[in-house]
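To start, the structure itself, in structure tokens.
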Amino acid sequence: MNDRVALLTRLYAAFNRGDFEAFCAELDPAIDWPDQIGGGRVQGLEAMRDFWSRRDAMVRVEANPIDFIPLDDDRVAVAAKQIVTNLQGRLWSDILVRHIYTFHASRVARMDVAEERDEA
């Protein structure tokens, strides 16, 4: 579990500083990620690059892990405080979310966002 917490900690740090290459280094090449902008799923690193660019052209997102919860099926849930602002820095949302990660070997293979959300 400690290896996965370390991996996810690196993933969130790269995400928050906008370091796409470091972020992708933690992902399986066949990554399956939710497209919270257009709906559906993003699959593969090139699709992640496109998604990241579209997102950065619209909003800024910061997600800070609060708790890492191992699940019985070998996945890890992360409770995170997620802050979304527009490009001028105006707050759009400040919520608690639950991200659920599936792994392949030593990389993230899939991320899902749990439905329940609480105001931070």
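The values are calculated or read from the model by the stated rules, or taken from the named source; none is laboratory data. Given the structure is predicted, the values throughout are model-derived calculations rather than measurements. Using ideal geometry, Cβ is built from the backbone for each residue, glycine included, and neighbour counts are taken over all protein chains shown.
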Exercise for the section: Output the number of the condition that Asp74 fails; it satisfies all remaining conditions of (1) surrounded by 13 or more Cβ atoms within 10 Å (Cβ to Cβ); (2) free of Cβ contacts under 8 Å to residues at least 60 places away in the same chain. Expected result: (1)
Exercise for the section: Check Ala47, Ala30 and return the single one that is aliphatic (A, V, I, L, M), surrounded by fewer than 15 Cβ atoms within 10 Å (Cβ to Cβ) and on the phi < 0 side of the Ramachandran plot. Expected result: Ala30
Fill in the blank from the handout: Flagged pairs (Cβ under 7 angstrom, 6 or more apart or on separate chains; first in region 42-67, modelled with pLDDT of 95 or more; second in a strand (DSSP E or B) and among the basic types (Lys, Arg)) are Asn64/Lys81; Ile66/Lys81
Exercise for the section: Identify the residue in region 50-68 that is more than 12 Å from the chain's Cα centre (by Cα) and acidic (Asp, Glu) and, among all such residues, is surrounded by the fewest Cβ atoms within 10 Å (Cβ to Cβ). Expected result: Asp67
Exercise for the section: Answer with yes or no whether Arg60 is out of contact with any strand residue (DSSP E or B) (no Cβ under 6 Å at 6 or more places or on another chain) and under 18 Å from Asp19 (Cα atoms). Expected result: no
